[in-house]
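Readers should treat all values here as calculations from the given coordinates under stated rules, not as data from a laboratory. Here the structure is a predicted model, which is why all the values come from computation and not from measurement. A quick note on method: Cβ atoms are made from the backbone with ideal geometry, for glycine too, and the neighbour counts reach across all protein chains shown.
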Amino acid sequence: MAVKPPAFPWARNLDAEKLAAFIEDLWGAASGGDDLKALDAIEKVIAEHRPTRACPLNAKQLKVLNLLAAGETYESAAKRLGFSATSVKNFCSEIYTRLGVRNAPHAVALGVQYGWLSDIRIPEAVITPVTHPPRTWREIYRKSAAQMREQPGVPVEIGPYVSISGARNAAKRMRKGLWEEFRPAGAFDAKSQRTDAGYFVIVACYVGEPVNDAERAAQ
């Protein structure tokens, strides 16, 4: 599981007294309610405790930096601002000089650190899942089936699949035992589902080999 980055990286540089005061004030603001008024109180606390530094950039430079922070390129930022790409590059050079940095990531990091990027609008990331070649898929299925047989009833996630049809077809083949690893038919339960990231997976588990008519009669 990926480690999530800290929400307040700058707070880790505070001394013990300032950190305690920040947490206490934040706790007090957060316990005041669950509406926009409470959110405004939390943001006020963050702004009060965040390290301050006068922003050396003018309004146009800040606009460019906000766009870079949102993932815009020189060309796409130029279109949004009505400038040429060359003008945006020149703005960036001025930004780097004024901030004493060498590239956009460092400039954006400083902007976040000191709260200068108030207009930033970060678009939702579109994650493209890594696809597997046929031989790799068969190995994944073999290992997944073995894992499920060792722990009957415990679901295992298999994927990712780029399309819902690919996931559905694979789940159907598992349920029907059309692959050797999942025989006999009915020994595995499998269903496809969409993840929050936009791709698809199969959630499957081993339910046990079905009882045939002869075994049922002998019981």
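Miscellaneous remarks
- Residue-wise HN-Hα coupling along the stretch 50-63, computed from phi with Karplus coefficients 6.51, -1.76, 1.60 (Hz; x: Gly, Pro): 5, x, 9, 7, 4, 6, x, 9, 8, 4, 5, 5, 5, 4
- Base-10 log of normalised Debye intensity for the chain (one unit scatterer per alpha-carbon) at q = 0.15 Å⁻¹: -0.98
- Remark: for residue pairs 143/191; 18/60; 44/79; 143/172; 37/79, the C-alpha separation exceeds 25 Å in 18/60; 44/79; 37/79.
- For the chain, the relative contact order is 14 percent, taking Cα pairs closer than 8 Å that sit 6 or more residues apart in sequence and dividing their mean separation by the residue count.
- Across the stretch 164-175, coupling constants 3J(HN,Hα) worked out from phi with the 6.51/-1.76/1.60 Karplus curve, θ = phi - 60°, read 5, 5, x, 5, 5, 5, 5, 4, 5, 5, 5, 5 Hz, and Gly and Pro carry x.
- Toward the positive end of the charge dipole of the chain, with +1 on the Cβ of Lys and Arg and -1 on the Cβ of Asp and Glu, the farthest Cα among 51, 171, 83 is that of 83.
- Full-extension gain in nm, residue 10 to residue 181, via 0.36 nm per residue minus C-alpha separation: 56.4 nm
- Once the Cα-Cα distance is subtracted from the 0.36 nm per residue extended length, the residue 76 to residue 189 segment shows a gain of 35.9 nm.
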